[in-house]
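The structure under discussion is supplied below as structure tokens; questions concerning it will follow.
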Amino acid sequence: MNQSHNCPVCHTLHHIENSSIYWVACHSCNHLLQYNHRNLQDAGPIPPMPDNQFRFKIGQTGNIRGRWFQVIGHIYYLDYDKDDGDFTHHWDEWVIQFNDKSMGYLVDERGELILFAQRGNFTREIPDLTATQEGDSLHIEGYQVLVEEVGQTTITTFAGQLPHHSRPSQILNFIDCSVRNYMVGIEWYDNQYMLHYGIEIDRNEFMVDSGV
Ligand SMILES: [Zn+2]
């Protein structure tokens, strides 16, 4: 699986990194492209990635808990900030793929790294999430979890490639929960629910290779 396709807008060649890829960002022309396993289709413009110093780069490789990984996507989120009354609180998530082509998400949570497994769906009853508040306890997939944060976020832009996910600018509701040492995140919009499980990565369980 290493298919290459041209951007339909500017003809830049993109190598599709994983059979789960759904969105490709072409930052030669700043267009969002949808991958349908035959070609790339233009899905309209996306904002350029801000010119910041980020923790990881696309293409960077490393090792988490003994598993080789490569960074293939970088999602730039803005959360709704109650004080500002707008989507202004920035955070980053990196899409990574391991040797066996399974994928994960690395979240930089104020310097701490959390590794989330590839997103899944609910298989059991979805609790009523609309009235949920911080400090509540929820039953998720048979586990009782503690609600730590409730909010709204949106993907402002991304670089590289993403598996199926909400499109940029879609407002996502989220609830972050914990159960023992694990994090459970729920994101939803309309009737689309995404569930993901995370674990904190200690500094000595993680290294990146130098040079990209
Ligand atoms: Zn392009």
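I need a count of the residues in segment 1-33 that are in a strand (DSSP E or B) and among the small types (Gly, Ala, Ser).
Number of matching residues: 2.
Would a scan of segment 66-85 turn up a residue that is of a type in the set (Asp, Glu), surrounded by 14 or more Cβ atoms within 10 Å (Cβ to Cβ), outside any loop (DSSP other than H, G, I, E, B) and within 16 Å of the ligand (Cβ to nearest atom)?
No, every residue in segment 66-85 fails to be of a type in the set (Asp, Glu), surrounded by 14 or more Cβ atoms within 10 Å (Cβ to Cβ), outside any loop (DSSP other than H, G, I, E, B) and within 16 Å of the ligand (Cβ to nearest atom).
Only residues in segment 62-80 that are of a type in the set (S, T, N, Q) count as the first member; pair them with residues that are surrounded by 18 or more Cβ atoms within 10 Å (Cβ to Cβ) and not in a strand (DSSP E or B), Cβ under 8 angstrom, at least 6 apart or cross-chain, and list the lot.
Once the first residue is of a type in the set (S, T, N, Q) and sits in segment 62-80, its partners that are surrounded by 18 or more Cβ atoms within 10 Å (Cβ to Cβ) and not in a strand (DSSP E or B) give GLN70/GLU17; GLN70/GLN60.
Conditions: (1) surrounded by fewer than 16 Cβ atoms within 10 Å (Cβ to Cβ); (2) under 17 Å from PHE158 (Cβ atoms). SER20 meets all but one. Number of the miss?
Just one mismatch for SER20, condition (1).
Under 6 Å between Cβ atoms, at least 6 apart or on separate chains: pull out the pairs that start in segment 29-40 with a residue that is under 16 Å from THR156 (Cα atoms) and end on any residue that is more than 8 Å from the ligand (Cβ to nearest atom) and in a strand (DSSP E or B).
That search, which allows pairs on different chains as well, returns ASN30/PRO45; HIS31/ASP42; HIS31/PRO45; LEU32/ALA43; LEU32/GLY44; LEU33/VAL24; LEU33/LEU40.
Can you pull out every residue in segment 26-48 that is touching a His at 6+ places or on another chain (Cβ under 8 Å) and among the small types (Gly, Ala, Ser)?
Within segment 26-48, ALA43, GLY44 meet the criteria.
Follow-up. Does ILE58 satisfy being assigned to a strand (DSSP E or B), in contact (Cβ under 8 Å) with a residue 12 or more places away in the chain and among the aliphatic types (A, V, I, L, M)?
In short, no.
Related question: State yes or no: is CYS26 within 16 Å of the ligand (Cβ to nearest atom), surrounded by fewer than 18 Cβ atoms within 10 Å (Cβ to Cβ) and either without any contact (Cβ under 8 Å) to a residue 40 or more places away in the chain or closer than 21 Å to TYR197 by Cβ (or both)?
Spelling it out, it is not the case that CYS26 is within 16 Å of the ligand (Cβ to nearest atom), surrounded by fewer than 18 Cβ atoms within 10 Å (Cβ to Cβ) and either without any contact (Cβ under 8 Å) to a residue 40 or more places away in the chain or closer than 21 Å to TYR197 by Cβ (or both).
In segment 129-188, how many are among the polar types (S, T, N, Q) and either touching a helix residue (DSSP H, G or I) at 6+ places or on another chain (Cβ under 9 Å) or within 19 Å of LEU33 (Cα to Cα) (or both)?
7
Testing ASN52 on (1) buried (at least 16 other Cβ atoms within 10 Å of the Cβ); (2) away from the ligand (no atom under 14 Å from the Cβ); (3) farther than 20 Å from GLN118 by Cβ, one condition comes back false. Which one is that?
(1)
Given the condition more than 21 Å from PHE98 (Cα to Cα), more than 16 Å from the ligand (Cβ to nearest atom) and either surrounded by fewer than 16 Cβ atoms within 10 Å (Cβ to Cβ) or hydrophobic (A, V, I, L, M, F, W, C) (or both), answer yes or no: does some residue in segment 5-14 qualify?
No, because not a single residue in segment 5-14 is more than 21 Å from PHE98 (Cα to Cα), more than 16 Å from the ligand (Cβ to nearest atom) and either surrounded by fewer than 16 Cβ atoms within 10 Å (Cβ to Cβ) or hydrophobic (A, V, I, L, M, F, W, C) (or both).
Since every read-out is calculated from the coordinates, none of them should be taken as a lab result. This is a predicted model, so every value here is computed, not measured. All Cβ positions, glycine included, derive from the backbone under ideal geometry; neighbour counts span all protein chains shown.
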